[in-house]
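Engineer: Please read through the structure below; I'll follow up with questions.
The values are calculated or read from the model by the stated rules, or taken from the named source; none is laboratory data. Computed from a predicted structure; not experimentally measured. Reconstructed Cβ throughout: ideal geometry from the backbone, glycine too, with neighbour counts over all protein chains shown.
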Amino acid sequence: MTSPAADLVIVANRLPVDRVTLPDGGQGWRRSPGGLVTALEPVMRSNDGAWIGWTGQADDDPGAFVDDGLSLVPVPLSGGEIEEFYEGFSNATLWPLYHDVVAKPEFHREWWEAYVRVNQRFAERAAEVAARDATVWVHDYQLQLVPQLLRELRPDLRIGFFLHIPFPPTELFGQMPWRRELLEGLLGADVVGFQLTGAAGNFVRLVRQRVGHKTHRDLVYMPDGRTVQAMAFPISIDTAAFEELARSDSVTERAAAIRTALGNPERILLGIDRLDYTKGINPRLRAWSELVAEGHFSVRDSVFVQVATPSRERVQQYRVLRDDIDRLVGRINGDLGRLGSPAIAYMHSSFPRHEMAALYRAADVMVVTPFRDGMNLVAKEYVACRYDNDGALVLSEFAGAANELRQAWLVNPWDINGMKEALVEATRAEPKELTRRMKAMRKTVSENDVAAWANRFLAELESARPAHNKKLRPVR
Ligand code: F6P
């Protein structure tokens, strides 16, 4: 089926649906739980939108289709491309490089060639699907060449790009053998969006240094007369939906059941992360185990629940991390746990939103300690679920969310003693103190939800090319 011309095209590595097997044995699609699709759904519906992305499986090419009113356009990847483009260049080169080189990035020329080839394929699909003068919004580090490749094919389009992960400082980006190509790829967009202003600054500085274009503040002056704007748009969550879920009877019951299953401890501390080496799971668990070993907490009345969602399991560094965490949790529980009372309740599994909300409701202290994180939506989700203005958030200063959630207990994940102090303080804080902090954070998260984020980006994109013919209808 060929898809109709779309006035708004979203281009992301993954489609917002996963393949599922239906009760009758047939194949169907289930909407992925991410906030991005929730935010963009209304604007896509009112603007004949289409979403271009990979289904997540090798050689899967079902052709364009409509799912629950959304027009979806799959881009197939071969097994080799999954290895070289997705696991390789995206997740073993760009991911560590853009996260402060927390792990060593690998640079392989064949991976780069696959990255160029796959980006070209995404750009071609977008060029086919977009109506004349349409708006195309490209997402994330896997697709940084798409803006330029697409502009070459379709100069009529208005093109925006948003990077969901950090953008590294000039010194680190300099390691990238294809640094100029990546910068030029991004410069195909009219607006390049980042989570933080610091990242936008890094980008503009790099363009000046490495490409040689003139810049002024957040603007890049292109030789063809265009200007490119680099700005921060901190992403958020569907705050109202999370709060509504958290208030539901079934989540309230499930939260109580979780506390009971854990033996009704006085305190529950919680970590929920993708199992990723950027998330700082290891030092967080070490800090907790030292506090237990030193007698600040007893496993009889306190427990740390750590959920690690399986992720990128074929990438070597993720396998190593899984073994490290398995060993660490085993050692800590072996040394400190008692029958029926582990120091850490560890789950290597992914949970639906309902269960996440129940865990957020059950937890007294949420611990989010990445070494580097573009934003970290778990921190915002916890805040959204604490409608009683209680609960404490311990948050790494290296998560983008720390810029907005200033009332959290901010920690440096490299400083184990500092984290221990913050965990003790947050756990022992007076209810009044918790309320003061949580109220302020809840205000921030409810005023800046994901719909506001999407609207702001699209409005900036529209005003960046005012002479352009088409106007989009807003999200709300
Ligand atoms: O944060 C970046 C990101 O690519 C998200 O867009 C995505 O939800 C998450 O990481 C998981 O990534 P993957 O698509 O590799 O499973």
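Engineer: Which count do you get for residues in the stretch 303-336 that are surrounded by 17 or more Cβ atoms within 10 Å (Cβ to Cβ) and more than 30 Å from the chain's Cα centre (by Cα)?
Structural biologist: Adding up the residues that qualify gives 2.
Engineer: G400 is checked against (1) surrounded by fewer than 23 Cβ atoms within 10 Å (Cβ to Cβ); (2) of a type in the set (G, A, S); (3) in contact (Cβ under 8 Å) with a residue 60 or more places away in the chain and fails just one. What number does that condition carry?
Structural biologist: Going through the list (1) surrounded by fewer than 23 Cβ atoms within 10 Å (Cβ to Cβ); (2) of a type in the set (G, A, S); (3) in contact (Cβ under 8 Å) with a residue 60 or more places away in the chain, G400 breaks only (1).
Engineer: Same structure again: Would you mind telling me which numbered condition in (1) touching a Leu at 6+ places or on another chain (Cβ under 8 Å); (2) within 16 Å of the ligand (Cβ to nearest atom); (3) outside any strand (DSSP E or B) A308 fails?
Structural biologist: Condition not satisfied by A308: (3).
Engineer: Hey, among the residues in the stretch 405-447 that are among the polar types (S, T, N, Q) and within 26 Å of the chain's Cα centre (by Cα), which one's farthest from A379 (Cα to Cα)?
Structural biologist: It comes out as N412.
Engineer: Search the stretch 108-119 for residues that are surrounded by 20 or more Cβ atoms within 10 Å (Cβ to Cβ) and pair each with any residue that is basic (K, R) and outside any helix (DSSP H, G or I) when their beta-carbon atoms are under 9 Å apart and the residues are at least 6 apart or on different chains.
Structural biologist: none
Yes/no per residue for (1) at pLDDT below 95; (2) among the aliphatic types (A, V, I, L, M):
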residue: S289; (1), (2): no, no
residue: V292; (1), (2): no, yes
residue: S298; (1), (2): no, no
residue: R327; (1), (2): no, no
residue: R331; (1), (2): no, no
residue: R353; (1), (2): yes, no
residue: T369; (1), (2): no, no
residue: G374; (1), (2): no, no
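Engineer: Which of the residues that make up the stretch 368-408 are more than 16 Å from the ligand (Cβ to nearest atom), closer than 18 Å to Q306 by Cα and of a type in the set (S, T, Y)?
Structural biologist: Of everything in the stretch 368-408, those that are more than 16 Å from the ligand (Cβ to nearest atom), closer than 18 Å to Q306 by Cα and of a type in the set (S, T, Y) turn out to be T369, Y382.
Engineer: Please pick out the residue among D415, D373, D390 that is of a type outside the set (A, V, I, L, M) and buried (at least 23 other Cβ atoms within 10 Å of the Cβ).
Structural biologist: Going through D415, D373, D390 in turn, the sole match is D373.
Engineer: Please work out which residue is nearest to the ligand (Cβ to nearest atom), limiting yourself to the stretch 153-184 and to residues that are in contact with a strand residue (DSSP E or B) (Cβ under 7 Å, 6 or more places away or on another chain) and of a type in the set (F, W, Y).
Structural biologist: F162
Engineer: Sort out for me the strands (runs of 3 or more DSSP E) sitting completely within the stretch 102-216 that have 1 or more residues that are among the charged types (D, E, K, R).
Structural biologist: Qualifying strands (runs of 3 or more DSSP E): 130-139, 158-162, 214-216.
Engineer: When the residues of the stretch 133-152 are filtered to those that are among the aliphatic types (A, V, I, L, M) and within 16 Å of the ligand (Cβ to nearest atom), which remaining residue is surrounded by the fewest Cβ atoms within 10 Å (Cβ to Cβ)?
Structural biologist: That would be L143.
Engineer: Return yes when V299 is more than 24 Å from the chain's Cα centre (by Cα) and surrounded by 15 or more Cβ atoms within 10 Å (Cβ to Cβ) and no when it is not.
Structural biologist: Considered against the rule, which asks whether it is more than 24 Å from the chain's Cα centre (by Cα) and surrounded by 15 or more Cβ atoms within 10 Å (Cβ to Cβ), V299 comes out as yes.
Engineer: Name every residue in the stretch 279-289 that is within 11 Å of A343 (Cβ to Cβ) and surrounded by fewer than 24 Cβ atoms within 10 Å (Cβ to Cβ), in order of residue number. Steps first, please.
Structural biologist: Here is the first cut: in the stretch 279-289, the ones within 11 Å of A343 (Cβ to Cβ) are 285, 288-289.
The answer is L285, S289.
Engineer: Taking the stretch 28-51 as the search range and keeping residues that are among the hydrophobic types (A, V, I, L, M, F, W, C) and not in a helix (DSSP H, G or I), which one is farthest from the ligand (Cβ to nearest atom)?
Structural biologist: Within the stretch 28-51, the subset among the hydrophobic types (A, V, I, L, M, F, W, C) is 29, 36-37, 39-40, 43-44, 50-51.
Filter again for not in a helix (DSSP H, G or I), leaving 29, 50-51.
Working: W29: 17, A50: 19, W51: 14 Å.
Looking at residues that are among the hydrophobic types (A, V, I, L, M, F, W, C) and not in a helix (DSSP H, G or I), I get A50.
Engineer: Assess whether I82 counts as being in contact (Cβ under 8 Å) with a residue 12 or more places away in the chain, part of a strand (DSSP E or B) and out of contact with any Cys (no Cβ under 7 Å at 6 or more places or on another chain).
Structural biologist: No, not satisfied.
Engineer: Every residue in the stretch 21-52 that is of a type in the set (V, I, T) and modelled with pLDDT of 85 or more, please.
Structural biologist: Matches in the stretch 21-52: T21, I52.
Engineer: Given A384, A422, A440, A402, which one is under 30 Å from M44 (Cβ atoms) and in a helix (DSSP H, G or I)?
Structural biologist: On the way: A422 fails: under 30 Å from M44 (Cβ atoms); A440 fails: under 30 Å from M44 (Cβ atoms); A402 fails: under 30 Å from M44 (Cβ atoms).
After applying the criteria, what remains is A384.
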